[in-house]
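Single-structure report; data block below.
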Amino acid sequence: MDNNRKPQSPKPDPKKDREERQEQMKRQLRYSVSYLFVSLLVLWLFQQFVLGPLTVQATLVPYSDFRTKLAAGEIVKVYIGESDLRGEMKNPQPAATPETVPFDTIFTAGGDPDLVTDLQQAGVEYSFERPASPAGALLLSWVLPLGLLGLFWYFAYRARGAGAGGGGLGGIFGVGKSKATEVKAEDVGVTYKDVGGVDEAISELQEIIQFLKAPEQFARLGGRIPKGVLLVGPPGTGKTLLAKATAGEAGVSFFETSGSEFVEMFVGVGAARVRDLFEQARKAAPAIIFIDEIDAIGQSRGGAIRIGGNDEREQTLNQLLAEIDGFKTGASAPVIIMAATNRPEVLDPALLRAGRFDRQVVVGNPDLIGRQQILRIHSKDIKLATDFDIERAARMTPGFSGADLANMMNEAALLAARRKADTVTLKDFEAAIERVVAGLEQRTRVMNEQVRTAVAYHESGHALVAALVPHGDPVSKISIVPRSRGALGYTMQMPEEDRYLLTADELYDRIAVMLAGRAAEKIVFDQLSTGASDDISRATELARRMVTEFGMSEVLGSVRYAGQQMQYLGGAMEDTSGVSPATRKVIDAEIKRIIGEQYARAQELLRGHRPALEQLSHQLLECETVDGAAVQAALAGTPVVCGE
Ligand code: ADP
Ligand code: MG
Ligand code: ZN
């Protein structure tokens, strides 16, 4: 019944479409003809000047002459080939050496059966030539140059074809075409169901969806619709996914491109691409244009010193601003621009002005609930064990981004497949975390016994103090299996919940736990080792923030001393010029005091539980990896067997 329904075309006007296609074909023909012309010219030049000098110039002589000369003893050497004879004369005339006798002269006369005998008699050096491979000659003179030309043509074609969603040929003349990929509304295929943990962002985007779906309603009320939405957040949090899902929810086309695609060597190319992109989007409206990593073009123009000209970037940016200002997000052709960045602070203020990217939506790393949602989304196609506890998995992964979680789920499935299991268990997931976070297990690296012992006490110290301080996060796992990424052992703590607000006491406890590794080494061996350097730097950093940012030092009070982070020649630098040298001395003294106090506290706690420290370390040396229960057992003095 529906047979005669035409396939859906993105452009509503078939006549215009046809004209455009004809125009394109004409251009294509013109291009191909001129290409052919140039190719033939190049080929001719190649054969004339490159191959020509390579082949030997020879004079053709009649066979009779050859015979006469042979009899006269003027011939020195003869090469008998398949199709000709070549010879060298005793007194070569400048232009006539060596000589060639055509092959058919010999054989049309029934051959010359006496040739070899005569050559032998005349004492001429002669040899038979292997026929030159005609395939080789053909390859050199035709196939190779043609192949090169074809290859060149192909690349020129592809460079053009990649842009503008296919389209006709344009060869290298298409540099100004946008490289954005267009995804038609019906092909978008993702919705908000595929994005987890970003509920706030989604609710902020509802308005955009309503507008794209029913622009007339908004136009009727006269409200101003934001043209641009800037998604701000760390990498891998799902910004790209969210933009695409917005197109999916609204049922509109999606144009995806990246800021770096506008930054080209030639001034003006980027600007041309921006123009082309907006033109395409307007034709396909309603649509969403998504510019990933917009900081590549949108960087602040003044200010920081930059090496080299940035004319190109500036032109591109200006063109972008002009396009945003220029198009009316009217009811007839609603187009919304979305962009993503993880560095909003470097963006040119002009971009963030009202009427441009004035709507900023923060897409942060997911919290516990968000992580559960994301894990559920990414385990849809994975066979999880029935007792796979997604909540536990989410608890193990604080601070992970959506992309990290997706990766972890996949890694767990691979690990399960490797051990030929039918389902993915929480153990696989845990192994995946360890693998990705701490590097691959390197059981092969034999650790010397002394080092192993030191590491066992060090990690036991962390674990025990974590269990003993009032606000310590519970220990989930301790290991002394060396990892490739430097750590000789590790203690994994699992916070009960995500923490947004921490008290001073909790921070002190954290510092004590960090320093407890070194404290244990000090108590047991009365020795300091380099193994604590990471712990020390983390503890110091935390203490510094307590003093300079959180105002937790009584001496210094609730004053911010931390400098502003400055962008300087591409690197970040702290500007501490606002802090006087005298104050800086006090800050340093305060940091030292905090560290000193907590170090002493950790030592005291461990001294008070020396038997537990011994038991836990010995168990670690024996089992290599133990879980949180072993810590409680050590504190209670109940013995545990490996693997329980
Ligand atoms: P961004 O653009 O913020 O760097 P992407 O959108 O490119 O991050 O995310 C990369 C991949 O990670 C996505 O394709 C998706 O598989 C996964 N991912 C990231 N964040 C989420 C999320 N919030 N929900 C579901 N999957 C996510
Ligand atoms: Mg992205
Ligand atoms: Zn440590």
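Structure data summary
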quantity	calculated
Segments 227-236, 342-351 sorted - mean Cβ within 10 Å per residue, highest first	227-236, 342-351
Per residue solvent-accessible surface (Å²) - segment 205-253, probe of 1.4 Å	40
Accessible area of segment 368-438 divided out per residue, in Å², using a probe of 1.4 angstrom	50
Accessible surface, segment 449-636, averaged per residue in Å² (probe 1.4 Å)	51
For segment 358-371, Karplus couplings with θ = phi - 60° (6.51, -1.76, 1.60), whole Hz, Gly/Pro x	7, 9, 10, 10, 8, 10, x, 5, x, 8, 3, 5, x, 5
Accessible area of R67 in the full protein assembly, 1.4 Å probe (Å², nearest 10)	60
Filter on K239/K427; K380/K477; K239/K380; K239/K585 - keep pairs with C-alpha separation over 32 Å	K239/K585
Distant-in-sequence amide H partners of V183 (H built 1.01 Å from N, under 5 Å)	F254, F255, E256
Segments 510-523, 402-415, 547-560 sorted - mean Cβ within 10 Å per residue, highest first	510-523, 402-415, 547-560
Packing-based order for 241-251, 589-599, using average beta carbon neighbours within 10 Å, highest first	241-251, 589-599
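The values are calculated or read from the model by the stated rules, or taken from the named source; none is laboratory data. Note that the structure is predicted; figures quoted are calculated from it, not measured. Please note: Cβ atoms are built from the backbone with ideal geometry, for glycine as well, and neighbour counts cover all protein chains shown. The area values use the complete protein model at the heavy-atom level, side chains included, leaving out ligands, DNA and RNA. Shrake-Rupley method; radii C 1.70, N 1.55, O 1.52, S 1.80 Å.
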